[in-house]
1. Out of these labelled values of semi-axes √(5λ) of the Cα gyration tensor in Å, [x] 30, 23, 19; [y] 41, 23, 18; [z] 27, 22, 21, which was calculated from the coordinates shown here?
2. Among ALA312, LEU190, GLY59, flag the residue with its Cα farthest along the positive direction of the charge dipole of region 5-329, charges on Cβ as +1 for Lys/Arg and -1 for Asp/Glu.
3. Compare GLY257, GLY93, GLY281 in a GNM of the chain, Cα atoms joined below 10 Å, and give the one with the largest fluctuation.
4. Assign unit charges at the C-beta atoms only (+1 for Lys and Arg, -1 for Asp and Glu), then state the dipole size of region 98-142 relative to its Cα centre in Debye, rounded to the nearest 20.
5. Restricting things to Cα coordinates, could you compute the convex hull volume per residue of region 172-221 in Å³?
6. Report, in whole Å, the centroid distance computed from the Cα atoms of region 181-211 and region 77-146.
7. Scan region 180-258 for GluC sites (Glu not before Pro) in coil per DSSP, keeping those whose Cβ has at most 13 other Cβ atoms within 10 Å, and list them by number.
8. Let me spell out the model: positive unit charges on the Cβ of Lys and Arg, negative unit charges on the Cβ of Asp and Glu, origin at the Cα centre of the chain. What dipole size does that give, in debye rounded to 20?
Amino acid sequence: MINKPWLLLPPQWAHDLGPFGLKLYTLYADLFHSGPTPEWKSFTWNNLHFKNPLGLAGGVDKNAESLNEWWTLGAGFVEVGTVTPLPQKANPGKIMDRNLERKALWNKMGFPSHGANEVFFNLRDYEEKQTPVFINIGKNRDTANEDAGEDYLYLINKFKSVADAFVVNISSPNTKGLRDLQNKTALTKLLAPLVKASHGGVITPILLKLSPDLQDEQLEEALGVAVELGIDGFVLTNTTLSRPQGIPFPPEGGLSGAPLKPLSCSILQKSLQILGKHRSGKLIISAGGAMTPEDVFERLQMGADLVEIYSALIFEGPGFFRNVAARYSGR
């Protein structure tokens, strides 16, 4: 705990102070320990070059305020957001907690965002990207599901000039009714115009982020619709509403961290089986419960192209990206 002082703070304080602490940490790292972005298992997809396959999950850098810090730390790519069209605050009440013994996180933030305009200007100010930058997009909580497509379409048109790829987030458990957009009818209505917009003119890949709580039939249905409509890949997965025994978090809100690993791995394995030959050319990103270098390597061996982390940065520290790179080099 002494070498991870943020764990001594209440979770909400640590989260709010995170960008400032990150700047201090990376200033030290930049002076003494950092170097170029680590290159291991590099590959190119859709003209995007990934120096390494380990990146930052959505939900950490919500407003694209810390890209330079993530690049210094060695992230192979960064997913910013979730971004909403209009600014909105987090859900009321307690929105975060952690369980140190189980390395589990809980949140019901609900897409707090500075809004599309501010995030766009933040991204535009980066003269040169050191890694691909994905933009995770979501609807405002006051937007009805039947109108959700308008929010997502607005965001694609707004960010197309600065995004390397989009991640359509319809799987967070923290916005009421959002996960209903994963059913076949709603998903078809939502995705068709988004694919058309992202693929019009200069093509910007579009990925779909799915829930770990989908039943097999629901998963197969969602993947089938997405493939038929031309989605370019998938982020597997979001946080879960399930609560393993011994984790006393509230029933609402999303659970992440080590307890999410079995669900995330299961969805990854099932999705690859369901996709079959349609997996070719699709970008598969595994997220959820990757807490050690071995976890990261396991996801890649299972068939993921990229791996995203969030909780590992909290429980293991911001040196995780370079620690994984060093472990890979020493294998």
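1. It is the value labelled [z].
2. Projecting each Cα onto the dipole axis, the largest value belongs to ALA312.
3. Most flexible of the set in this elastic network: GLY93.
4. In total the dipole reaches around 400 debye.
5. Working: hull volume 4.4 nm³, N = 50.
Residue-normalised Cα hull volume stands at 89 Å³.
6. Their Cα centres are 19 Å away from one another.
7. GLU252
8. Values: 33 positive and 34 negative charges, 76 e Å.
Charge dipole of the chain: 360 debye, to the nearest 20.
Each reported figure results from applying straightforward, stated rules to the coordinates on display, with no laboratory input. The shown structure was predicted, so the numbers you read here are calculated from the model rather than taken from an experiment. Don't worry about glycine lacking a Cβ; one is built from the backbone with ideal geometry, like all the others, and counts go over all protein chains shown.
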